[in-house]
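Single-structure report; data block below.
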Amino acid sequence: SSGINAEYGGVINIWTIASSTPMLKDGRRTVALYSHGNSCNRAMSHRVGLYKKLVSMGIDVVTFDYRGFGDSTGVLPDEKTVVHDADVMLEWVQSKYCDHDIVIWGHSLGTGITVKLLSLLEKHPTKLVGLILESPFLNSGEAGRHLPIAKIFDLLPCTKGVIANALEGLFPTDELITSIKLPILIIHAKDDRILPIHHAYQLYNVCEANGMENVTLKVFDEGQHKYLFQNESAMNAASQFMRGL
């Protein structure tokens, strides 16, 4: 565990986890930079479960908390700060893992953050070889319509749509993903009740409609919103994707 000083103040705290049985491609290891969702911190049990699965697959892991999450400090998080922190981490991984291929793995909110970050880069880093989007959303407004708290607000005419409207435009993944030239794997569970499966289908349809031949969609019967790491088929799909990069 260590910390990285961020622009505008504060510290981004991280974990680095090395695989004892590395997957090698032409002598190069692969590191996954994990960008987590909107709850709590990098130490949540489902996240730790994924780290363990990745290192067992031969993938090194770098995981972090955005400032304002977990033990990372300095700001109250918003759209700009979380994207900035993901950018800081990508630069850090490039400098510290110069002999690795880099894959970004975003989950839930982390998919919107990583897509936004990559859409802002004039050129993708040469060591960055792929992007995995686990349980992504089409855009933040559509995601807001399906959050449990939104369903409570929508019961009353005076507050109907307030959550979705508040989130509208923050992370327009469907608009930004078309600028990404990297190979992309989308994985999603059919029993996800937080971000229902239609998000993945519609996001993939956007990619197809824009002629993106670099995108693969894999859906699975079980895994809910944050337990795909327990689905052997999902993890095999991720491993095969990374091995093929």
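For CYS98, the criteria (1) part of a helix (DSSP H, G or I); (2) open to solvent by 10 Å² or more (accessible area, probe 1.4 Å); (3) not acidic (Asp, Glu) hold in every case but one, which is (1).
Part of a loop (DSSP other than H, G, I, E, B) and closer than 19 Å to GLU134 by Cβ - does that describe any residue in segment 29-36? Checked segment 29-36: at least one residue is part of a loop (DSSP other than H, G, I, E, B) and closer than 19 Å to GLU134 by Cβ.
Would you confirm, using the coordinates I've provided, whether HIS199 is under 15 Å from HIS107 (Cβ atoms), part of a loop (DSSP other than H, G, I, E, B) and open to solvent by less than 50 Å² (accessible area, probe 1.4 Å)? No: the conditions fail for HIS199. Selection within segment 13-26: residues that are over 23 Å from PHE69 (Cα atoms) and either touching a residue at least 40 places away in the same chain (Cβ under 8 Å) or not small (Gly, Ala, Ser) (or both). The member of this set that is most open to solvent (accessible area, probe 1.4 Å) is ASP26. For first residues located in segment 120-144 and under 14 Å from ASP174 (Cβ atoms), partners that are of a type in the set (Phe, Trp, Tyr) and lie 6+ apart or on another chain with Cβ distances below 7 Å form the pairs ASN139/PHE171; SER140/PHE171; ALA143/PHE137.
Among residues of segment 180-209 that are free of Cβ contacts under 8 Å to residues at least 40 places away in the same chain, none has a Cβ under 8 angstrom from a residue that is of a type in the set (Ser, Thr, Tyr) and open to solvent by less than 30 Å² (accessible area, probe 1.4 Å) at a sequence gap of 6+ or on a separate chain.
For first residues located in segment 27-44 and under 16 Å from PHE69 (Cβ atoms) and modelled with pLDDT of 95 or more, partners that are outside any loop (DSSP other than H, G, I, E, B) and open to solvent by 10 Å² or more (accessible area, probe 1.4 Å) and lie 6+ apart or on another chain with Cβ distances below 8 Å form the pairs HIS36/LEU109; ARG42/TRP15.
On the basis of being open to solvent by less than 80 Å² (accessible area, probe 1.4 Å), at pLDDT 95 or above, more than 22 Å from HIS36 (Cβ to Cβ) and not acidic (Asp, Glu), does ASN214 make the cut? Judged against the criteria, ASN214 is a match.
The values are calculated or read from the model by the stated rules, or taken from the named source; none is laboratory data. A quick note: this is a predicted structure, and the numbers were derived from the prediction, not measured. Ideal geometry is used to build each Cβ from the backbone, glycine not excepted, and the neighbour counts take in all protein chains shown. Calculation scope for accessible area: heavy atoms of the full protein, side chains included, ligands and nucleic acids excluded. Shrake-Rupley method; radii C 1.70, N 1.55, O 1.52, S 1.80 Å.
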